[in-house]
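K.L.:
Structure incoming, see below.
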Amino acid sequence: MIDANNIFRHELIGLNMEIVNSSNDSLIGLYGKIVDESKKTLSLEVSSDLTKNKKIKIIPKDVVIMNIFLPNGEIVEINGKILVSRPEDRIKKKFKKI
């Protein structure tokens, strides 16, 4: 079961996230579903309120602080710099307690 203590060892694809801080002001406030992950980016499916069209935004991990919404209702704030690595390598990596 995914929770705040083991989120780094789980797949992020399928989880909802919101960007709460970024060095790029145009990214702040983006909310959507993570649909893909690479070493340095997250692909976020963002829907427009007015048109209900869904767009894919490519978000660089190293410039954002995000809230990730877990299925159990928890909200976890993560600095994207911690996630910069290939997903399959991140699962094997040892993390200090945060």
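The values are calculated or read from the model by the stated rules, or taken from the named source; none is laboratory data. These numbers were taken from a predicted model, which means no experiment stands behind them. Glycine gets a Cβ as well: all are built from the backbone with ideal geometry, and neighbour counts include every protein chain shown. Quick note on the areas: whole protein, heavy atoms, side chains included, nothing else; ligands and nucleic acids left out. Shrake-Rupley method; radii C 1.70, N 1.55, O 1.52, S 1.80 Å.
K.L.:
If Lys and Arg each add +1 and Asp and Glu each add -1, what is the summed charge of the other residues whose beta carbon sits under 12 Å from the beta carbon of residue 17?
P.N.:
Net charge in that neighbourhood comes out at -1.
K.L.:
Once Rh is set to the Kirkwood radius over Cα pairs, what Stokes-Einstein translational diffusion coefficient, in µm²/s, holds for the chain at a temperature of 20 °C and a viscosity of 1.002 mPa s?
P.N.:
Stokes-Einstein gives a translational diffusion coefficient of 156 µm²/s.
K.L.:
Sticking with this structure for a sec: Counting only protein heavy atoms and using a 1.4 Å probe, what share of the accessible area of the chain belongs to carbon plus sulfur, as a whole percent?
P.N.:
Roughly 50 percent of what the probe reaches on the chain is carbon or sulfur.
K.L.:
Taking only protein heavy atoms into account and a 1.4 Å probe, give the accessible area per residue of the chain in Å².
P.N.:
Ligands and nucleic acids excluded, the figure is 64 Å² per residue.
K.L.:
At 7 Å along the Cα-to-beta-carbon direction for both residue 48 and residue 65, put a label point, then send me their distance in nm to one decimal.
P.N.:
With each label placed 7 Å out from Cα toward Cβ, I get 3.1 nm.
K.L.:
On full extension of the chain, what length is gained from residue 1 through residue 84, given 0.36 nm per residue of separation minus the C-alpha to C-alpha distance?
P.N.:
Once the chain is fully extended between residue 1 and residue 84, it gains 27.6 nm.
K.L.:
Hey, what do the phi angles of the stretch 5-10 turn into as Karplus ³J(HN,Hα) couplings, whole Hz, using 6.51/-1.76/1.60 and θ = phi - 60°, x for Gly and Pro?
P.N.:
Karplus values, whole Hz, x for Gly and Pro: 7, 10, 4, 5, 9, 10.
K.L.:
Now for a separate question. Output wanted: per-residue J couplings in Hz (rounded whole) for the stretch 68-73, from phi through Karplus 6.51 cos²θ - 1.76 cosθ + 1.60, θ = phi - 60°, x for Gly and Pro.
P.N.:
10, 9, 7, x, 7, x
K.L.:
Now for a separate question. Lys/Arg Cβ at +1, Asp/Glu Cβ at -1, dipole of the chain taken about the Cα centre: which of 23, 71, 87 is farthest positive-ward?
P.N.:
So the residue we want is 87.
K.L.:
Using the crude model of +1 on Lys and Arg Cβ and -1 on Asp and Glu Cβ, and no other charge, please compute the dipole size for the chain relative to its Cα centre, in debye to 20.
P.N.:
With only Lys, Arg, Asp and Glu charged at Cβ, the dipole is about 440 debye.
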